[in-house]
Amino acid sequence: MNKNSTILGIDISKDSFDVFSEEGGHKSFRNTLEGFRLFYKALSPDHWVVMEATGSYHHRLALFLHQKGICLSVVNPLVIKRFIQMKLNRVKTDKSDARMICQYGEEASLDPWNPDPEYMRECKQLQSVIGVYTKQQTALKNKLHSLTCCGCTSGCMVRSLKRQLKALKGEITALQHQMEALIKEHEKDVYTRIQSIPGMGKKTAMLLIGATNGFRDFESSKQIASYLGLAPHERSSGSSIRGRSRIGKNGHSVVRSHLFLCSFTACLYNPQCKALYDRIVRKGKSKKLALIAVSNKLIKQA
């Protein structure tokens, strides 16, 4: 980031986004293409925009500004939340959040944001939709099981649930094939090499590639483990606090669960993972801890 850049903090929501800068104060714009254009007219090449990664709300504006050549950074919302807490700010409004984001941008070292390739954005959207369908599928299976346990093995409700399950299965399969076709077209080499790791299958390989942008968004396996929520968190202080170490669980839960399932197979057929698992268990540690360590080993191998 250029030290002479003028920082603009943006708090964005579904319908509007608030902008704050030390020189221009507070302004508000509609979260539409017309609002983006009005905002862009007020910008100059020395402006640097800082915003939170707020789900899908920020993406259109970030992409619009990037295409116009405006420097910007997209920051993890948790980082902004902790910064606001550190500053002991007790006011929670869109205007105050934009001001605090601006202040964060002035004090922090910012990295420029670059959008993922179009095919990678489509892969992530496919992952998201598949995740929604999978949850619906699980809920329907549970309901069907509940009806069966009550002795209701036929009738309109059971037939309806079975039709929905069949339709969902077909949709999930079709979307997975579409996602695999995209990855084979653009990331075939990485996709093939991940599957060569004993214990790693097609679904986990696709999920890893989608979650990490083909491993281009990270510099080490430790960063990926932390992002996925598999990094251990130690809690100890002085002589009185001795909390149990746990994994973060604040990352990509779907990829994390797939890696954990892969660790069972890896303990049997992956020599390095098997040796790691046996060594940890011999030390008297729990098997679950050993499997989490194997999951991290799989990330390192990938």
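The values are calculated or read from the model by the stated rules, or taken from the named source; none is laboratory data. If you're wondering where the values come from, they're calculated on a predicted model, not measured in any experiment. Heads up, the Cβs are rebuilt from the backbone with ideal geometry, glycines too, and the neighbour counts pull from every protein chain shown. Calculation scope for accessible area: heavy atoms of the full protein, side chains included, ligands and nucleic acids excluded. Shrake-Rupley method; radii C 1.70, N 1.55, O 1.52, S 1.80 Å.
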Task: Positions within the stretch 277-298 being closer than 21 Å to ALA205 by Cβ, of a type in the set (A, V, I, L, M, F, W, C) and out of contact with any Gly (no Cβ under 9 Å at 6 or more places or on another chain), in sequence order - done: LEU291, ILE292, ALA293
Open item on the list: Among the residues of the stretch 14-57, what is the count of those that are out of contact with any Ser or Thr (no Cβ under 8 Å at 6 or more places or on another chain) and under 17 Å from ASP111 (Cα atoms)?
Closed with: 3
TODO: Report yes if TYR57 is open to solvent by 60 Å² or more (accessible area, probe 1.4 Å) and assigned to a loop (DSSP other than H, G, I, E, B), otherwise no.
DONE: yes
Task: Members of the stretch 1-25 that are assigned to a loop (DSSP other than H, G, I, E, B), modelled with pLDDT of 85 or more and open to solvent by less than 40 Å² (accessible area, probe 1.4 Å) - done: SER13
Task: Residue tally, condition farther than 20 Å from GLN272 by Cβ, open to solvent by less than 50 Å² (accessible area, probe 1.4 Å) and small (Gly, Ala, Ser), over the stretch 163-204 - done: 1
- [ ] Could you grab me the full set of residues in the stretch 44-54 that are open to solvent by less than 30 Å² (accessible area, probe 1.4 Å) and among the hydrophobic types (A, V, I, L, M, F, W, C)?
- [x] TRP48, VAL49, VAL50, MET51
Open item on the list: I'd like the residue in the stretch 205-220 that is open to solvent by less than 40 Å² (accessible area, probe 1.4 Å) and either assigned to a helix (DSSP H, G or I) or of a type in the set (A, V, I, L, M, F, W, C) (or both) and, out of all such residues, is nearest to PHE264 (Cα to Cα).
Closed with: ALA205
Task: Subset tally (residues that are of a type in the set (D, E, K, R) and open to solvent by less than 40 Å² (accessible area, probe 1.4 Å)) for the stretch 122-136 - done: 0
Open item on the list: Testing HIS66 on (1) part of a helix (DSSP H, G or I); (2) under 23 Å from GLY251 (Cα atoms); (3) within 22 Å of the chain's Cα centre (by Cα), one condition comes back false. Which one is that?
Closed with: (2)
Task: Members of the stretch 71-121 that are basic (Lys, Arg) and either surrounded by 17 or more Cβ atoms within 10 Å (Cβ to Cβ) or part of a loop (DSSP other than H, G, I, E, B) (or both) - done: LYS87, ARG90, LYS92, ARG99
TODO: Return yes when ARG30 is charged (D, E, K, R), modelled with pLDDT of 90 or more and touching a strand residue (DSSP E or B) at 6+ places or on another chain (Cβ under 8 Å) and no when it is not.
DONE: yes
Task: Subset tally (residues that are under 14 Å from ALA108 (Cα atoms) and out of contact with any Leu (no Cβ under 8 Å at 6 or more places or on another chain)) for the stretch 63-74 - done: 1
- [ ] Count, please, the residues in the stretch 137-155 that happen to be open to solvent by less than 100 Å² (accessible area, probe 1.4 Å) and either part of a loop (DSSP other than H, G, I, E, B) or farther than 12 Å from LYS166 by Cα (or both).
- [x] 13
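Looking at this structure, is GLY35 at pLDDT 90 or above, of a type in the set (Gly, Ala, Ser) and surrounded by fewer than 20 Cβ atoms within 10 Å (Cβ to Cβ)?
Criteria met by GLY35.
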